[in-house]
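**Q** Sharing a structure here in structure tokens format.
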Ligand SMILES: [Fe+2]
């Protein structure tokens, strides 16, 4: 899956939530370097941030149990939005907290309490567990597994094998 395919998949997932403020959030992502940069410690290549976000989302969706799909998509895909550079967010500092501020103050995205905590605490699994917030625990785990290189974007491997064997399904 190339970078523009990743972008289409990521944006259509976000759009599918129908959440208030999503149009502004998508505009923010497109106006930043979200789809072209890599992460700082892993996925350190062009497009790495978008790939890591999708891997986190794919794992979280596969393991969401009873959790609402829209919450899983929003928390997993946007947990690292602060990593992207945007002139609109130059004054905001921090990591999880910065993501929340960007989403709330700039994008006016309506987040539930569980989604806020999941984004805020994605680097702190112990805190997420203490809050007994299953969404936060799931996003922490998915983030960690993707960072360790243990998650693939859904169907990607199968499709590349198909291509190799001339099967264009
Ligand atoms: Fe992350």
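Quick note: the coordinates plus some simple rules give every number you see, no bench work behind them. Nothing here was measured: the structure is a model prediction, and the numbers come from that model. Glycine also receives a Cβ, built like all others from the backbone with ideal geometry; neighbour counts cover every protein chain displayed.
**Q** If you fit an axis through the alpha-carbon atoms of helix 3-16 and take the longest principal axis of the Cα set of the chain, what angle between them do you get, 0 to 90°, nearest 10?
**A** Tilt relative to the chain: about 50 degrees.
**Q** For the chain, take the longest principal axis of its alpha carbons; what is the angle in degrees between that and the long axis of helix 134-147, to the nearest 10 within 0 to 90?
**A** It is inclined by approximately 50 degrees.
**Q** If you stretched the chain out fully between residue 91 and residue 2, how much longer would it get, using 0.36 nm times the residue separation minus the C-alpha to C-alpha distance? Don't skip to the answer; put the middle values down first.
**A** Details: separation 89, 0.36 × 89 = 32.04 nm, distance 3.22 nm.
Computed gain between residue 91 and residue 2 is 28.8 nm.
**Q** If each DSSP helix of 4+ residues adds -39,500 (n - 2.57) and the sum is divided by the residues in the chain, what number results at 222 nm, nearest 500 deg cm²/dmol? Don't skip to the end; give the middle numbers.
**A** Values: 9 runs with 92 residues, N = 169.
Dividing the helical sum by the residues of the chain leaves -16000 deg cm²/dmol.
**Q** Cα centroids of the stretch 21-85 and the stretch 107-127: how far apart, whole angstrom?
**A** Answer, in whole Å: 13.
**Q** For the ranges 52-65, 1-14, what's the packing order if you count other beta-carbon atoms within 10 Å of each residue, average per peptide, and put the highest first? Please report the intermediate quantities before stating the final value.
**A** Details: 52-65: 21.1, 1-14: 15.5.
By packing density, highest mean first, the sequence is 52-65, 1-14.
**Q** At 25 °C and 0.890 mPa s, what whole-number value in µm²/s does Stokes-Einstein give for the translational diffusion of the chain, with Rh from the Kirkwood sum over Cα pairs? Working shown, then result.
**A** Details: Rh = 16.0 Å.
Once the numbers are plugged in, D ends up at 153 µm²/s.
**Q** Based on other C-beta atoms within 10 Å, arrange 112, 17, 132, 25 from fewest to most.
**A** Ranking 112, 17, 132, 25 by Cβ neighbours within 10 Å, fewest first, gives 132, 112, 17, 25.
**Q** Report, as a whole number in µm² per second, the diffusion coefficient that Stokes-Einstein gives for the stretch 1-92 at 37 °C and 0.692 mPa s using the Kirkwood radius over alpha carbon pairs.
**A** Details: Rh = 13.4 Å.
The Stokes-Einstein estimate is 245 µm²/s.
**Q** To continue, here is another question. What spacing in nm lies between the two simple spin-label points modelled at residue 127 and residue 113, each 7 Å away from Cα in the Cβ direction?
**A** About 1.7 nm separates the two model spin labels.
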